[in-house]
Every structure is written in C-alpha cells, then in structure tokens.
Amino acid sequence: MTNQKSAQSNWLRSYYYVRAAFSIVWVAVAILSASNPILTSVLLVIYPAWDAVANVVDAGSNGGFKANSSQTLNIFVSTVTTAAVILAAAKSTFAVLAVFGVWAILSGVLQLMTGVSRWRDHGAQWAMILSGGQSCLAGGFMITQSLGGTPPSILDITPYAGFGAFYFLISAIWLAVSARRKATAAV
C-alpha cells in the first residue's frame with residue numbers, strides 16, 4: 001500500500017508540473033499575441049478545454065471518475081465552458097470574460113474539494129486549496145470587470161492563468177520535498 005501511495009504521489013507531482021508548464025506557456029503566448037484576435041480566441045477556447053482533458057487524465061489515474069466526483073463534475077464544467085467561450089467569442093469580449101468568471105468560480109470550488117479530499121492521502125494540498133479559493137475570488141472579479149465599460153482582453157485572464165501555474169508549481173515542489181523527507185526518515 002505504501003508503494004502504491006508513493007507511486008500516486010509521484011504521478012501527482014508530475015501532473016502538477018505538467019499543469020504548471022502548460023499554464024506558463026499559455027500565459028506567455030497570450031501576452032505575446034494579445035493583439036491578434038484570432039490567436040487569442042483560439043487560446044481562450046484551449047484553456048478550459050485543456051482543463052477538461054487534464055481532469056480526465058487525473059481522475060482516470062487516481063481511482064476513476066466515480067472515486068473523483070469533484071473532478072468528474074469539473075470535466076463537465078470545463079467542457080461546457082469551452083463551448084460557452086466559443087459562443088461568447090462571437091458576441092463580445094465582455095461575454096467571454098463573464099464566462100471565464102463563472103468558470104473560475106465553479107472550477108475553483110471543485111478544485112478546493114479535490115484538494116481537501118486528497119489531503120489525507122497525499123498531503124501537501126494546501127496550495128491547491130488556496131488556489132481553489134483564489135479562483136473563486138478571481139471569478140467574481142472577472143464577472144465584475146465584464147460589467148464595466150472598458151473592453152476586456154486576454155490580458156485580463158492571464159493573471160488568473162499565471163496564478164494557476166504558480167499554485168501547481170508550488171504543489172509539485174511541495175510534494176517533491178515531502179517525498180524526500182519521507183525517504184530520508186525511512187533510512
């Protein structure tokens with residue numbers, strides 16, 4: 001059982017590194033292409049779609065969809081958000097930002113639930129729990145901005161993705177440090 005827990009923690013650490021790397025690249029490309037409406041539209045669709053795919057892989061690798069109900073719901077939420085972003089992009093950037101705001105709140109609550117449920121098995125989930133809470137706050141802020149008069153852009157979403165990258169990176173590093181401490185204590 002300990003080897004299985006260790007393998008799952010190693011997998012989770014790698015998963016968090018991949019999530020962080022994706023978000024860092026996404027933010028960089030978003031900043032560099034902020035003046036290209038076609039590329040930014042593609043990036044805005046890719047972000048929630050990636051989240052759905054990542055949750056499919058994570059839930060599937062950690063006991064399946066039934067055992068990971070918050071992630072299973074997050075797959076649905078992120079998939080619907082992907083479609084909603086496509087529809088909103090045809091309307092206005094205000095609509096896109098509102099969709100991202102609602103998604104940030106819903107996925108934040110679900111990420112917080114996933115972090116809490118993983119705490120007992122893997123530990124080191126405090127960053128994921130903080131990330132879920134901050135995602136909810138960021139979502140509220142995005143919705144408020146979407147009601148304003150200044151047309152939003154992808155640059156209004158990049159801080160959200162950047163903080164996501166930060167939290168995934170911190171979680172991966174924390175799991176690596178925890179694994180090293182356990183290995184040293186076992187010797």
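Observations
- Centre separation in Å (Cα based) which lies between the stretch 125-157 and the stretch 1-52: 17
- Of the solvent-accessible surface of the chain, computed with a 1.4 Å probe over protein heavy atoms with every protein chain present, carbon and sulfur atoms account for 72 percent.
- In plain terms, the chain from Phe65 to Leu32 could stretch by 8.2 nm, reckoned as 0.36 nm per residue minus the Cα-Cα distance.
- Highest to lowest packing among 16-22, 70-76, scored as the average C-beta count within 10 Å: 70-76, 16-22
- Ligands, DNA and RNA are left out, and with a 1.4 angstrom probe the accessible area of the chain is 52 Å² per residue.
The values are calculated or read from the model by the stated rules, or taken from the named source; none is laboratory data. Note that the coordinates shown come from a computational prediction; the quantities given were computed from them, not determined experimentally. Here Cβ is always computed from backbone atoms with ideal geometry, including for glycine, and neighbour counts include all displayed protein chains. Surface accessibility is based on the protein's heavy atoms, side chains included, excluding ligands, DNA and RNA. Shrake-Rupley method; radii C 1.70, N 1.55, O 1.52, S 1.80 Å.
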